[in-house]
Amino acid sequence: MLTFVVRRLLLAVPVLLGVVFVVMLTIDLLPGDAVTLMLGEHATKDAVAALRAHLGLDKPFLVRYVDYVGRVARGDLGRSIQQNRPVAAELADAWPATLELTAAALLLAAAAGIGAGVLSAVRPNSAFDGVARVASLFGLSMPIFWTGLVLIVVFSLWLNWLPVGGAGSPAHLVLPAVTLALPSVAMIARMTRSAVLDVLREDYVRTARAKGVGEWWVLLKHALRNAFIPIITLLGLQSGQLMGGAVLTETVFAWPGLGRLMVKAIFARDYVLLQGAVLVFALAFVVVNLLVDLSYGVLDPRVARQG
Amino acid sequence: MTDAWSRFRRNRLAVVGLALVLVLALTAGLAPWLAPYDPARQSLVEKRARPGAKYLLGADEFGRDILSRVIYGSRVALLVGVLSVTIAVVGGVLLGTAAGFTGGWLDAGLMRGVEILLAFPYLLLAIAIVAMLGPGALNTTLAVGIWGVPAVTRIVRGSVLALRETEYVGAARALGAPALAVLRRHILPNIVPGLVVYATLFMANAILLEAALSFLGLGVQPPTASWGLMVSTGRDVLLVAPHVATVPGLAIMVAVLAFNLVGDGLRDALDPRLRGGA
């Protein structure tokens, strides 16, 4: 088990190095220049050159890449260009809000999606199954930023139940979390339905039923336990979708998280901050998928033994 | 193929989806004749007009007719969608067959790159690309297309690897057929059905992604009528005139739903083994 964890952690290193490389290259090729943006269009050539040298932008790309990776390894993410604060501090301010939002959405999506999927699979082609399948197609087709606005109109403007945006109380979390969760609920429901349907066709389920095991016990002990492997895999992938969706949700609800910080950084051409934000997202995604891989071992002893 | 069509036809949801796609295509093609007003015509005294007899779906912040803009917006959505799907499929087929058919270091290198790109949360990769290229309709198309390349590459490579091991490909090679002929005649035709399904579902995602990028202000720029951009401008007046933001969003949902329905139907029709699956 320990070798499994260590090997997976080592495998994450080239992925993160690659992510940093792609992001830095992307930013390097940006048409807008942070320096011109900071000093204005009429800055003297000397002033521009001095600031470029100060920020290290005059060095070749690969030198800067190695430099940056070295500093990140020591925990130094640089200073944001706009605010002139340590990027680490800006990210530290923003990430708890994003974690809160995505974690709430993931829990919601898992609970609703698995629940609906199991109910659909137990009674395939029933009225519930039909409604759930059509509803999940709608869920997959709704643009998340629009869902958020519609929820604001209904629950904040018409019913006056929940705040329009911002953060601070559990009431503020409800609409953003539901908005972010909806497409994932749909994905998870579809996947759970087919996974449980597949398992229910297995011989061991027939054997269990033939032994006279109760239907609920068959479902819990035999079907769900085995269907959980594909479902957990999907949950890991969905966490990536949730992080992408968080950028939109945070923009719609003025939620003070990493996504909004990232969009702000793009418009301000604050590449240092942008690099840091993307790195945090990538790291979070790697960690979530590591947890997913570890959970296979818990759910299926065969995986752990192969280690 | 006729089997597949008859299976598709029996799937009511898929037929509804196909009908919606046709309506969308007609709307985009006939936009100048269908739209009651010029989509750019402003009428400041009628700004934020509620839906009514003159403006069926109301007017936006600048007094522009929302119905006309939704109709013209279908052109942007479909054009960006079709072109980006083309980029993703062409790029993915080239890289995927190269990786799967040649193998070795090329395969290993390409697939590491693909894994790194797929490790990005989806919207973040598209945002990174569009941040690099700068906003605008053409760059949005490129960003959405490039965003799709890694996934297509992986699918194509997987199919090519599987087909390379089949007996008929082995037989063709044993008979001395050149590699490229085997690829063209025996391998590529067999990955087409799977690719058609994927491209249809990708079209739905491409429309969503274009809308999302335009909503963030990174995609199609004003005054072009893009649905995502329309939702974004409507957001500022959401609390006084909710229809300005919500109506164009409905158009996005219908378009995406249409392609999702057709994609699902095609998958069930082309691969009967998956019927009743996800």
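Below, the figures for the structure above:
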item: Residue B:43 paired with residue A:210, simple spin-label distance in nm, labels 7 Å along Cα-to-beta-carbon; result: 7.5 nm
item: Leading residue at positive end of dipole, the protein assembly as shown (Cβ point charges), from B:181, A:268, B:32; result: B:181
item: Likely footprinting exposure, A:59, A:211, fewest C-beta neighbours within 10 Å first; result: A:211, A:59
item: Highest-MSF residue in chain B out of B:116, B:146, B:155 [GNM, Cα springs under 10 Å]; result: B:116
item: Proximal lysines relative to residue A:59, as straight alpha-carbon distance under 20 Å, when same-chain residues fewer than 8 apart are discounted; result: A:45
item: Largest-first principal axis extents of the Cα set of segment A:150-307 (Å); result: 64, 44, 23
item: Sequence-distant lysines (8 or more away, or on other chains) whose Cα lies within less than 21 Å of residue A:211; result: A:221
item: Binned Cα-Cα distances of the protein assembly as shown, short to long, each 20 Å bin given as a whole percent; result: 18, 52, 28, 3, 0
item: Anisotropy class of chain A from Cα gyration tensor, a/c 1.5 cut; result: oblate
item: Relative contact order (percent, whole number), chain A, Cα cutoff 8 Å, 6+ residue spacing; result: 26 percent
item: Residue among A:152, A:101, A:166 farthest towards the positive dipole end of chain A, charges placed on Cβ; result: A:101
item: Cβ-placed point charges (K, R +1; D, E -1), dipole of segment A:221-307 about Cα centre in debye, nearest 20; result: 200 debye
item: Normalised contact order of segment B:4-81, rounded percent, pairs of Cα under 8 Å and 6 or more residues apart; result: 28 percent
item: Cα centre as origin, Lys/Arg/Asp/Glu Cβ charges: segment B:1-129 dipole, Debye; result: 520 debye
item: Cα centroid of segment A:139-172 to Cα centroid of segment B:97-142, whole Å; result: 34 Å
item: Exposure proxy order (Cβ contacts within 10 Å, fewest to most) of B:15, A:247, A:199; result: B:15, A:199, A:247
item: Stokes-Einstein D for segment B:2-274, Kirkwood Rh over Cα pairs, 20 °C, 1.002 mPa s (µm²/s); result: 105 µm²/s
item: Principal-axis tilt of helix B:104-118 within chain B, Cα atoms, nearest 10 degrees; result: 20 degrees
item: For chain B: relative contact order, % (alpha-carbon pairs under 8 angstrom, 6 or more apart); result: 26 percent
item: Partners for residue B:47 among aspartates and glutamates (Cα-Cα distance below 12 Å; same-chain residues under 8 apart left out); result: B:60, B:61, B:65
item: Cα centroid separation - segment A:243-300 against segment B:14-44, whole Å; result: 37 Å
item: Environment charge of residue B:14, counting only residues whose C-beta is closer than 10 Å and scoring Lys/Arg +1, Asp/Glu -1; result: +3
item: Residue exposure sequence - A:255, B:227, A:161 - by fewest surrounding Cβ within 10 Å; result: A:161, A:255, B:227
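Taken together, the values in this text are just the output of simple stated rules run on the coordinates, not laboratory data. Since we're looking at a predicted model, the values are computed, not measured. Cβ: placed from backbone, ideal geometry, glycine included. Neighbour counts: every protein chain shown.
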